[in-house]
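First up is the structure itself, then whatever we jot down about it.
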Amino acid sequence: MTGIFDSGVGGLSVYREIRKLLPGEDYIYFSDNAHCPYGEKPVEYVVDRAFRITEMLVSRGADIIVVACNTATAAAISSLRQAFSDPEDPAVRQRVLALSDGRRDHVKFIGMEPAVKPAVSLTRSGVVGVLATAGTLKAEKYRHTRDLAHDRITVVEHVGQGFVELVERGELSGPDAEKVVRASVQPLLDKGADTIVLGCTHYPFLADTIRKVAGPDVTIIDPAPAVARHVVEVMEEDGVLSAGQVAELSSDHKGHSVFLSSGPDDVLKRMLSML
Ligand code: DGL
């Protein structure tokens, strides 16, 4: 079973891509909306949430965890890997065997990263805009990727101010959403960006509004399809699934998905009916 979590409904943009490739897999999705947004919270807070959610997902049967949140990936994925994914470490083995009821001795993690690399080859103006949360933009992991790209192009950044709140309210379009989106997208356009990377999993749900504001000449990149392909690779490489099983899960449409949330579930339900 694949466990997926985010601070809210944003990770559904990743879930829908993984499910397209593996419709026969079982999924458990956790929206931590009682603690949303993560983007402005201290790193320790996000790490603590990531650990609690991972333990819950593993105890409910997940053996691979997709951290479908850029902010949580930047804050916590290294510590999560250290604590849950090294079968050579007896303490890790024990922890995971106990949590998973003896099913597995390690857990695989897949995280999100702003898709700066593909943007480098797509930009014609040489200016790439990155929209992400404050937490992601100040994280070491992102800054490293950005600095590498800086040798070849200019990267300009902006926090998608109020974007997560819009999506968590299920408000994806309309004049008010457009106004909020414009306030963060226009500064990137003013600096010459012709390619915009969506560095937060909530933002793809605003893609139509972002496109409307940015115009038809701007390319918008959502990393979710690439992450979904990576999930399939990791499953095969790590032996979570054999190639034959992956093929079966790709063609069988009978997988089950369970959705849980730490807060009210009305928007989660609404977004799911939309997907
Ligand atoms: N969807 C998340 C991300 O990718 C978190 C947004 C938030 O909670 O601030 O960064």
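Taking the square roots of five times each eigenvalue of the Cα gyration tensor of the chain, the equivalent ellipsoid has semi-axes of 31, 20, 18 Å, listed largest first. By definition, a body whose alpha carbon gyration tensor gives a ≥ b ≥ c is prolate when a/c is 1.5 or more and a/b is larger than b/c, and segment 48-128 fits this prolate description. The Cα-based radius of gyration of segment 116-275, divided by its Kirkwood radius, gives an Rg/Rh of 1.02.
Per-residue 3J(HN,Hα) values for segment 259-270, derived from phi via the Karplus relation 6.51 cos²θ - 1.76 cosθ + 1.60 with θ = phi - 60°, read 10, 10, 9, 8, x, x, 10, 5, 6, 4, 5, 5 Hz in sequence order (x marks Gly and Pro). Think of the chain as a dipole: +1 on every Lys or Arg Cβ, -1 on every Asp or Glu Cβ, centred on the Cα centre; then among THR154, VAL43, SER79, THR154 lies furthest on the positive end. Rounded, prolate or oblate, given the Cα gyration tensor of segment 113-162, with a/c below 1.5 counting as rounded? Judged from the Cα gyration tensor, segment 113-162 comes out oblate (a/c at least 1.5, b/c at or above a/b).
With loop defined by DSSP as not H, G, I, E or B, and exposure as at most 12 other Cβ atoms within 10 Å, which is the longest segment of the chain clear of exposed GluC sites (Glu not before Pro)? That would be 89-275. Projecting the Cα atoms of ALA224, TYR203, ILE110 onto the charge dipole of the chain (Cβ charges, centred on the Cα centre) puts TYR203 farthest toward the positive pole. Maximal additional length on extending the LEU122-GLU178 stretch stands at 17.6 nm, based on 0.36 nm per residue less the C-alpha distance. Using a cutoff of 8 angstrom between alpha carbon atoms and counting only pairs six or more residues apart, the relative contact order for the chain works out to 28 percent. Each residue, GLU44 and ARG146, gets one label point 7 Å from its Cα in the Cβ direction; the gap between the two is 2.5 nm. When +1 charges are put on Lys and Arg Cβ atoms and -1 charges on Asp and Glu Cβ atoms, the dipole computed for the chain relative to its Cα centre reaches about 380 debye. Helix 12-21 and the longest principal axis of the Cα set of the chain meet at an angle near 60°. Suppose R0 equals 35 Å. What FRET efficiency, 1/(1 + (r/R0)^6) with r the Cβ-Cβ distance, do LYS212 and ARG52 give to the nearest 0.05? Efficiency, from the Cβ-Cβ distance: 0.35. When the Gaussian network model of the chain links Cα atoms closer than 10 Å, the mean-square fluctuations of LEU189, LEU80, LEU260 top out at LEU260.
Coordinate-derived values only; no laboratory data. Because the structure is a prediction, the values reported are computed rather than measured. With ideal geometry, Cβ positions are generated from the backbone for all residues, glycine too; neighbour counts draw on all protein chains shown.
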